[in-house]
Amino acid sequence: MADSLPSFRGGHPGSRRLFDALDEGVVILDAGGTVRDWNEAALRMLALTAEQLHGRAPLDLGWEFREETHTGAFDPSDPLRSLLRLPLECERVTIAVRSDRAATRWITIATHMVHDEELAAETIVATMTDVTGRRETERENERYRQIIGTLDASYRILEESPIGMCSVDVDGNVLRSNMAFLALGGADATSIVAMVPDEDRGTLQHAFKRLIEGRTPSVRIETRVRKPTGNEAWCEITAVAMRQGLPDAAILLLINDVTERRLREVRLRQLAEMDPLTGLHNRRSFVHALRERLASLERPRRAGGDWALLLIDLDGFKDVNDTCGHAAGDAVLVAVAAAIRDRTRLDDTVGRLGGDEFAVLFRSGMEDAVTIGEQIITRIALAALSVPGTPPVSASVGIVRLRPARRAEEMLEAADDAMYQAKRAGKARVVEAVT
């Protein structure tokens, strides 16, 4: 990425590598639609260079895009700027990108508006998924539907298709299936309803009823399917009512395994919510959890007792970076994060707010919270010593009891004030905030 271009993730190099390793394309814009950052997958999908994406270089003569459905939001005379504006007009669009340098690709763009705490501004995150293969599969499915009017054609397609296919009755009992379905569900799979989780069975059965009654021509459901090995796969099930051609089949199911896509979506969410160095919640994600907890305190029956917020700032960490380098500093931060997580429970929220500042949100009375804070201080000092050659590191902790009808910013500020009182009082201690 050229040094002259802006970079939203210009911090830790591990974050940039993870960002560029994603299969999904990501473009980050400010509220005015100006590009702030992107990853390599976005450039590849759009068949553009970084300079072209920013409007600093002319587009190739053969470059163009076409919407799948017309929204009236683009200007053919300025296609690239229109493309970047599309996600602002509607939640999701699918476009075809054509270029002399690459084959035509179909791209789905989804937009999420995120509030950037550090910049105090709205940030637009546009994620791009290459759906060319899925469209080709859908076209193949449509071809199957068109020629399945005769028994010979339908049976041949069922057997040869790489997509799991089966015919079922209104109760979901499997009447006929192809090899791809048997590979997914096993030879003993006699009911598609029995293969999905309990919470999705009612939805599937209701869909079958609507199909048979003619209230809808097709239904698409995404659910988990249990495999013979005991593992589960995420599958997209398309159900089509069969009104002719297959006398023994009321409904035809097309079953696509979408597990890999779901895993990629999880990785993208982790990138947005987790600190790449320590694996803890990042500041945005932690503040979101704090706001949700404060809101729950206004519903006493759901609050579940007292809650405390710990703000932890390392003492002497600057000396580690100055004397041993940033690699050693990163190692200390990772060790400290592990020490904090080791003392907290699985359902506690632990975050790295930035630099050498950490936070913990957990259910506890103040007396127990102070004890936990002191134990965390001890564990941090020991964890820092585990990195060879580094100077000693301690921690100062500010603690505040969460109170209903308070803003997250107020609670963080109170804990921060208490933490600085701990530093002024000699460091390596816990101070309760007065609220």
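Can we say ILE255 is open to solvent by less than 80 Å² (accessible area, probe 1.4 Å), within 30 Å of ARG176 (Cα to Cα), touching a Gly at 6+ places or on another chain (Cβ under 7 Å) and modelled with pLDDT of 80 or more?
Taking the combined requirement at face value, the residue satisfies it.
Here are some residues: ILE380, ILE399. Which one is under 19 Å from ALA425 (Cβ atoms) and outside any strand (DSSP E or B)? Explain how you work it out, then say what you get.
Values: ILE399 fails: outside any strand (DSSP E or B).
So the residue among ILE380, ILE399 that is under 19 Å from ALA425 (Cβ atoms) and outside any strand (DSSP E or B) is ILE380.
Return the pair list, or none, for Cβ contacts closer than 7 Å from residues in region 127-141 that are in contact (Cβ under 8 Å) with a residue 12 or more places away in the chain to residues that are open to solvent by 60 Å² or more (accessible area, probe 1.4 Å), at least 6 apart or on different chains.
ASP130/ARG105; THR132/ARG105
So which pairs qualify, if the first residue must be in region 361-379 and over 16 Å from ALA415 (Cα atoms), the second must be among the small types (Gly, Ala, Ser) and assigned to a helix (DSSP H, G or I), the Cβ gap must be under 7 Å, and the two must be at least 6 apart or on different chains?
ARG379/ALA339
Could we say that ARG345 is among the basic types (Lys, Arg) and surrounded by 16 or more Cβ atoms within 10 Å (Cβ to Cβ) here? Don't jump to the end; show me each part of the working.
Values: among the basic types (Lys, Arg): yes; surrounded by 16 or more Cβ atoms within 10 Å (Cβ to Cβ): no.
For ARG345, the condition - among the basic types (Lys, Arg) and surrounded by 16 or more Cβ atoms within 10 Å (Cβ to Cβ) - is not met.
If you go through region 85-100 one residue at a time, do you hit one that is more than 25 Å from the chain's Cα centre (by Cα), at pLDDT 70 or above and part of a loop (DSSP other than H, G, I, E, B)?
Yes: region 85-100 contains one or more residues that are more than 25 Å from the chain's Cα centre (by Cα), at pLDDT 70 or above and part of a loop (DSSP other than H, G, I, E, B).
Taking the criterion of being more than 26 Å from THR435 (Cα to Cα) and open to solvent by 10 Å² or more (accessible area, probe 1.4 Å), would at least one residue in region 354-366 satisfy it?
Taking region 354-366 as the starting set, the residues that turn out to be more than 26 Å from THR435 (Cα to Cα) are 355.
So of that shortlist, the ones also open to solvent by 10 Å² or more (accessible area, probe 1.4 Å) come out as 355.
There is at least one residue in region 354-366 that is more than 26 Å from THR435 (Cα to Cα) and open to solvent by 10 Å² or more (accessible area, probe 1.4 Å).
Test VAL193 against the criterion of being at pLDDT 85 or above, in contact with a helix residue (DSSP H, G or I) (Cβ under 8 Å, 6 or more places away or on another chain) and in a loop (DSSP other than H, G, I, E, B), and give yes or no. Step through it out loud before you land on a result.
Working: at pLDDT 85 or above: yes; in contact with a helix residue (DSSP H, G or I) (Cβ under 8 Å, 6 or more places away or on another chain): yes; in a loop (DSSP other than H, G, I, E, B): no.
No: the conditions fail for VAL193.
Looking at LEU280, LEU268, LEU263, which is the one that is within 25 Å of the chain's Cα centre (by Cα), surrounded by fewer than 13 Cβ atoms within 10 Å (Cβ to Cβ) and not charged (D, E, K, R)?
Details: LEU280 fails: surrounded by fewer than 13 Cβ atoms within 10 Å (Cβ to Cβ); LEU268 fails: surrounded by fewer than 13 Cβ atoms within 10 Å (Cβ to Cβ).
When all the criteria are applied, what remains is LEU263.
For region 175-230, which residues satisfy the criterion of being in contact with a Cys (Cβ under 8 Å, 6 or more places away or on another chain) and buried (at least 16 other Cβ atoms within 10 Å of the Cβ)? Don't jump to the end; show me each part of the working.
Filtering region 175-230 for residues in contact with a Cys (Cβ under 8 Å, 6 or more places away or on another chain) gives 175-178, 181, 184, 192, 222-225.
Scanning region 175-230 gives ARG176, SER177, ASN178, PHE181, LEU184, ILE192, THR223, ARG224, VAL225.
Which one of these is open to solvent by 30 Å² or more (accessible area, probe 1.4 Å), closer than 18 Å to LEU280 by Cβ and not β-branched (Val, Ile, Thr): ALA338, ALA327? Reasoning before the result, please.
Details: ALA327 fails: closer than 18 Å to LEU280 by Cβ.
Within the list ALA338, ALA327, the selection yields ALA338.
I'd like the full set of residues that are assigned to a helix (DSSP H, G or I) and in contact with a strand residue (DSSP E or B) (Cβ under 8 Å, 6 or more places away or on another chain), limited to region 357-377. Spell out how you get there, then give the answer.
Looking only at region 357-377, we keep the residues that are assigned to a helix (DSSP H, G or I), and these are 366-377.
Those that are assigned to a helix (DSSP H, G or I) and in contact with a strand residue (DSSP E or B) (Cβ under 8 Å, 6 or more places away or on another chain): MET366, ALA369, VAL370, ILE372, GLY373, GLU374, ILE376, ILE377.
Among the numbered criteria (1) in a helix (DSSP H, G or I); (2) at pLDDT 80 or above; (3) more than 34 Å from the chain's Cα centre (by Cα), which one does LEU175 miss?
LEU175 satisfies every listed condition except (1).
Determine which member of the set LEU353, LEU412 is in contact with a helix residue (DSSP H, G or I) (Cβ under 6 Å, 6 or more places away or on another chain) and either closer than 23 Å to HIS281 by Cα or free of Cβ contacts under 8 Å to residues at least 40 places away in the same chain (or both). Show your work before the answer.
Details: LEU412 fails: in contact with a helix residue (DSSP H, G or I) (Cβ under 6 Å, 6 or more places away or on another chain).
None of the others qualify; the one that does is LEU353.
If only one of ASP342, ASP319, ASP348 is within 25 Å of ARG407 (Cα to Cα) and of a type outside the set (Val, Ile, Thr), which one is it? Full working, then the answer.
Values: ASP342 fails: within 25 Å of ARG407 (Cα to Cα); ASP319 fails: within 25 Å of ARG407 (Cα to Cα).
None of the others qualify; the one that does is ASP348.
Do the conditions hold for THR390, that is, is it buried (at least 21 other Cβ atoms within 10 Å of the Cβ) and of a type in the set (S, T, N, Q)?
Numbers: buried (at least 21 other Cβ atoms within 10 Å of the Cβ): yes; of a type in the set (S, T, N, Q): yes.
Yes; evaluated as a whole, the condition is true for this residue.
The values are calculated or read from the model by the stated rules, or taken from the named source; none is laboratory data. This one's a predicted model, so the numbers in the text were calculated from it and none came from an experiment. Positions of Cβ are backbone-derived with ideal geometry, glycine not excepted, and every protein chain shown enters the neighbour counts. When the accessible area is computed, the model is the full protein with side chains, heavy atoms only, and any ligands, DNA or RNA have been set aside. Shrake-Rupley method; radii C 1.70, N 1.55, O 1.52, S 1.80 Å.
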